[in-house]
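One structure is given below, encoded as structure tokens.
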Amino acid sequence: MSLEVLDRHREALFEFLWCPVCGQEVFTHIPFEGVFCKNCNTQVVLRESREYRGYEEAVLACFDTDSTWNLHVDEKLRRDLPDGSARVKVLGAPGAYKVDWWSPAPGEDWEPVERGEFDDMEEPDEVSHLA
């Protein structure tokens, strides 16, 4: 017996996505468990959007922090999601993806971490060993 693997989303989509909790761009697929940010373990679930508006792809990326490591440590370079989850709608095609909207909308209470936002910053020594 062989196992058939179905790729529902292109690799280019994962090259475009980043984690709104820590800003990292590397995701890990754990079979039968899901896809997680390699840096902070935030889970991401991809769903096809009902509305395409003429784009080649329209995807909802749903991020969930139930499994995220050490969000209670304020000094870690990450930002919690409102109520533990957020969604982003991505439109486009490989090489030309763009963010259509975030839910909840970024504002005074919450702003997603931008891609690589914390790359130039160093964590304090007392928390660098934590996840």
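The values are calculated or read from the model by the stated rules, or taken from the named source; none is laboratory data. What you see is a predicted model; the values in this text were computed from it and never measured. The area values use the complete protein model at the heavy-atom level, side chains included, leaving out ligands, DNA and RNA. Shrake-Rupley method; radii C 1.70, N 1.55, O 1.52, S 1.80 Å.
Please list 3J(HN,Hα) in residue order for region 100-117, calculated via the Karplus relation 6.51 cos²θ - 1.76 cosθ + 1.60 where θ = phi - 60°; whole Hz, with x for glycine and proline.
Values, residue by residue: 8, 7, 10, 9, x, 5, x, x, 5, 7, 7, 9, x, 5, 6, 3, x, 4 Hz.
For F27, which sequence-distant residues (separation of 5 or more, or a different chain) have an amide H within less than 5 Å of its own amide H, given hydrogens modelled in the peptide plane?
K38
Would you rank D80, D119 by solvent-accessible area, highest first, keeping every protein chain in place and using a 1.4 Å probe?
Numbers: D80 75, D119 95 Å².
So the residues, ranked largest to smallest area, are D119, D80.
Report, in cubic angstrom per residue, the convex hull volume of the C-alpha atoms of region 11-107. If you can, show how the numbers build up before the last one.
Details: hull volume 10.4 nm³, N = 97.
It is 108 Å³ per residue.
Report the gain in length on full extension from L46 to E11: 0.36 nm times residue separation, minus Cα-Cα distance, nm rounded to one decimal.
Numbers: separation 35, 0.36 × 35 = 12.60 nm, distance 1.23 nm.
Answer, rounded to one decimal: 11.4 nm.
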